[in-house]
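Report on one structure; see the data block that follows.
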Amino acid sequence: MTEAEAHVARSKATIDVIHRMEAALGAGSDDMAAHFHEDFLWRGNQGSGTKRGIAEFRRNWQLPLRAAFTDRVYKTEKFLADGDWAACFGHIEATHSGPFMGIAPTGRRVRIPYMDFWRVAEGRIADNPVSVDLAHVLFQLGRDIFQGEGWEAFDRGEKTPPHPDTTA
């Protein structure tokens, strides 16, 4: 097998691990050890936190997410794999059924955009940097954390974007 063929095979094995994990979690599986390495590290963006180990990930991310958002449908738009690393972007469609970041359940259907990156070691996920668009979720629940100052106002023509002073 050439080096290129070995890389393709490793990439396929990595994405297969991710597909199995996503299918299991999407079906509500609680068997985390089948998919995540015992030294698993989940690294979320601001507001999501960092989880060290399977128990902490389950206690401080998976269960609170399940409590806050029910009737979840995972819609991954694109998967990519490169050796031991895989990535995807997509969103979860869910019903806001429990408390979320201080907001009481609204019953609203929301869209939770995300980007996931995974490093697979020994056939299980060892590292998982994640970006969840919490600002978008909060906005859908009636809380604009940018207080009307988001740069989308530039896109809508409601505000003029500042530019650097180039006269100096």
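For (1) out of contact with any Lys or Arg (no Cβ under 9 Å at 6 or more places or on another chain); (2) loosely packed, with under 15 Cβ neighbours inside 10 Å; (3) modelled with pLDDT under 95, each residue gets a yes or a no:
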{"residue": "Ala81", "(1), (2), (3)": "no, no, no"}
{"residue": "Arg108", "(1), (2), (3)": "yes, yes, no"}
{"residue": "Asp116", "(1), (2), (3)": "yes, no, no"}
{"residue": "Ala126", "(1), (2), (3)": "no, no, no"}
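If Val73 satisfies all but one of (1) in contact with an Asp or Glu (Cβ under 6 Å, 6 or more places away or on another chain); (2) at pLDDT 95 or above, what's the number of the condition it fails?
(2)
Out of Thr70, Thr50, report the one residue that is surrounded by fewer than 17 Cβ atoms within 10 Å (Cβ to Cβ), out of contact with any His (no Cβ under 6 Å at 6 or more places or on another chain) and closer than 16 Å to Gly26 by Cα. Lay out the reasoning, then the answer.
On the way: Thr50 fails: closer than 16 Å to Gly26 by Cα.
On inspection, the qualifying residue turns out to be Thr70.
Looking at Val17, Val8, Val73, can you tell me which residue is assigned to a helix (DSSP H, G or I), among the β-branched types (Val, Ile, Thr) and farther than 13 Å from Ile125 by Cβ? First the steps, then the outcome.
Values: Val17 fails: farther than 13 Å from Ile125 by Cβ; Val73 fails: assigned to a helix (DSSP H, G or I).
Sole residue among the options that is assigned to a helix (DSSP H, G or I), among the β-branched types (Val, Ile, Thr) and farther than 13 Å from Ile125 by Cβ: Val8.
Here is a list: Arg58, Arg10. Which entry is basic (Lys, Arg), more than 26 Å from Ala135 (Cα to Cα), surrounded by 15 or more Cβ atoms within 10 Å (Cβ to Cβ) and in contact (Cβ under 8 Å) with a residue 12 or more places away in the chain? Outline the logic, then answer.
Values: Arg58 fails: more than 26 Å from Ala135 (Cα to Cα).
Of Arg58, Arg10, the one residue that is basic (Lys, Arg), more than 26 Å from Ala135 (Cα to Cα), surrounded by 15 or more Cβ atoms within 10 Å (Cβ to Cβ) and in contact (Cβ under 8 Å) with a residue 12 or more places away in the chain is Arg10.
Kindly indicate whether Arg156 is modelled with pLDDT of 95 or more and among the charged types (D, E, K, R).
Details: modelled with pLDDT of 95 or more: no; among the charged types (D, E, K, R): yes.
In short, no.
Taking His37 as the residue in question, decide whether it is in contact (Cβ under 8 Å) with a residue 40 or more places away in the chain and in a strand (DSSP E or B). Steps first, please.
Working: in contact (Cβ under 8 Å) with a residue 40 or more places away in the chain: yes; in a strand (DSSP E or B): yes.
Yes, satisfied.
For Arg66, all conditions in the list (1) within 28 Å of Glu122 (Cβ to Cβ); (2) assigned to a loop (DSSP other than H, G, I, E, B) hold save one; what is the number of the exception?
The number of the failed condition is (2).
Output the number of the condition that Phe100 fails; it satisfies all remaining conditions of (1) crowded, with 16+ Cβ neighbours inside 10 Å; (2) closer than 30 Å to Ala9 by Cβ; (3) not acidic (Asp, Glu).
It fails just one condition, (2).
The values are calculated or read from the model by the stated rules, or taken from the named source; none is laboratory data. Quick caveat: nothing in here was measured; it's all calculated off a predicted structure. Cβ sites come from the backbone with ideal geometry, for glycine too, and all protein chains shown count toward neighbours.
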